[in-house]
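*Asks:* Sending over a structure as structure tokens; questions will come in a sec.
What follows draws every value from the coordinates through simple rules; no lab data is involved. This structure is a prediction, so every number in the text was calculated from the model and none was measured. Because the Cβ atoms are built from the backbone with ideal geometry, glycine has one as well, and the counts that use them run over all protein chains shown.
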């Protein structure tokens, strides 16, 4: 088990605008975004926690890692030829999460939310690159509980049990409804794969700000009824 807590973060106004798909902006918008960047970046300490796990048992719709059973036919299918996996939890960090926009300024609150999301994305990319290099994995993919109906969010409890005191190690707490605090946190499993997989490829939800891959009809056909119902 290892904690990565020295993750560099460097963001520019132009990157925030691009994330929000704002092709047009004025000086006032740019000043507000810069103000939020100036508030977050000096304090931000994103973190990643991961462990190396080995699959002890595979059933029809589950895998067991260190005697912890993770139930999902899609996960089981993706790990069919995999023996070693990398469960992980990443977060923007309590430090960035504690930053609030001044007063009740709605737009600054929105910009701040986007920036915290980007800090989380930096942590996720850092962890992915770190795993690929340290363990010479080649291409890796990941799955996250709750991102698809085929691996429900209540599986967060089992995933967290692989780590022990997650809150004490990186400040991430799991609620009774299996939601994480800080909100800008992600948990899942990385695994080596010949064909890149992302849960987003099976999701037809439109206008998702967290989408990391385009919907793939080919992947949807491959996994059949394991994709979620269309959302608007």
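*Asks:* Where does each of 54, 62, 126, 111 land when they are ranked from fewest to most other beta-carbon atoms within 10 angstrom?
*Replies:* With the fewest neighbours first, 54, 62, 126, 111 line up as 54, 62, 126, 111.
*Asks:* Let me ask something else about it. Based on other C-beta atoms within 10 Å, arrange 23, 69 from fewest to most.
*Replies:* 23, 69
*Asks:* Looking only at region 18-47, which residues have a backbone nitrogen under 20 Å from a spot 7 Å from the Cα of residue 107 in the C-beta direction?
*Replies:* Answer for this model: 18-40.
*Asks:* Could you check how many percent of all C-alpha pairs in region 1-153 are farther apart than 19 Å?
*Replies:* I get 62 percent for the Cα pairs in region 1-153 exceeding 19 Å.
*Asks:* Same structure, new question: Using the alpha carbons of region 1-58, what is the convex hull volume per residue in cubic angstrom, as a whole number?
*Replies:* In region 1-58, the Cα hull volume divided by residue count equals 110 Å³.
*Asks:* Once you place label points 7 Å from the Cα toward the Cβ at residue 51 and residue 38, how far apart are they in nm?
*Replies:* 4.4
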